[in-house]
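A short write-up of the structure that comes next.
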Amino acid sequence: MRFWIGLLALWLLWGSGPVWALSLDRVADRAANRAWTSGLQALQQQDWPAALTALHRTIALPDHPKYWAKRQGALNNRCLVYIQLQQYQRAIADCSAALHASPTEATYLNRGIAHHRLGRFDRATADFTAALRLSPRSAEAWLDRALVQIDLGQLQRARHDLLRAAACCDRHTPLHRYIQQTLAALPRASTAA
């Protein structure tokens, strides 16, 4: 009888290690999913402080491949929150960290917006161009690059990019109407290049 009790004790001690590990792994997965979901909900509600809190928790997840996509998404989303809060340097830092892991169109767009708002037109243009390399039919990238060109006084280039943006999006969207309004506001006789 003692033999069986001892064997059961050994099995519980040594054999339960993976069970405990699985249990802790599930707890970590649930916490990761809660942080990610609450961050997305806060973003949708434009509750920037709550979004930052949830995104900080998601970014703090263990450095494990199963969390990498969530961490990168959280970095990109936190970049977007920092843009909304006009904390452009922090936005650039988060986008740069996300781009280091895996370049995406959205991350280049967000970092480009932060650079544009800081008046770093060359860096903004480079980011929007990188976004276009990843997604040549991105109306947002064409539009954002055109807005930089307008700020630089390069109206012909801006017109070209606005026409490309208009061609890339559905004609019945607010984005298309904005592109058309921006095109209409450009002077016609401009030859600046």
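The values are calculated or read from the model by the stated rules, or taken from the named source; none is laboratory data. Since the structure is predicted, the reported quantities are computational estimates derived from the model, not experimental observations. Here the Cβ positions follow ideal geometry from the backbone for every residue, glycine too, while neighbour counts run over all protein chains shown. Heads up: the accessible areas ignore ligands, DNA and RNA and are worked out on the full protein's heavy atoms, side chains in. Shrake-Rupley method; radii C 1.70, N 1.55, O 1.52, S 1.80 Å.
A few points about this structure:
- A Förster radius of 30 Å, combined with the Cβ-Cβ distance separating H160 from S102, puts the computed FRET efficiency at roughly 0.50.
- Summary value for the range 34-193: 12 percent relative contact order, contacts being C-alpha pairs under 8 angstrom separated by 6+ residues.
- Trypsin sites (Lys or Arg not before Pro) restricted to the range 124-193 and DSSP loop, no more than 12 other C-beta within 10 Å: R137, R171, R188
- Estimated vicinal HN-Hα couplings, Hz - the range 139-154 in sequence order (Karplus 6.51, -1.76, 1.60; Gly, Pro = x): 4, 5, 5, 4, 5, 4, 5, 4, 5, 5, 4, 4, 4, 7, x, 8
- Karplus-derived 3J(HN,Hα), 6.51/-1.76/1.60, for each residue of the range 166-176, Hz, glycine and proline x: 4, 6, 9, 10, 4, 5, 9, 10, x, 4, 5
- Calculated FRET efficiency for the pair Q45/R133, C-beta based, R₀ 45 Å, to 0.05: 0.85
- Calculated from backbone phi, Karplus (6.51, -1.76, 1.60) coupling profile of the range 27-42 in Hz, x at Gly/Pro: 4, 5, 5, 5, 5, 4, 5, 5, 4, 4, 5, 5, x, 5, 5, 5
- The range 50-102 - charge dipole about Cα centre, Lys and Arg +1 at Cβ, Asp and Glu -1, debye rounded to 20: 120
- Hull shadow area, averaged, the range 121-193 [alpha-carbon convex hull, nm²]: 4.4
- The range 63-143: C-alpha gyration tensor shape, a/c 1.5 cut-off, then a/b vs b/c: oblate
- Förster-model FRET efficiency, 45 Å R0, K66 and Q181, C-beta, rounded to 0.05: 0.50
- Accessible carbon and sulfur surface of the range 75-127 relative to its total accessible area, %, 1.4 Å: 46
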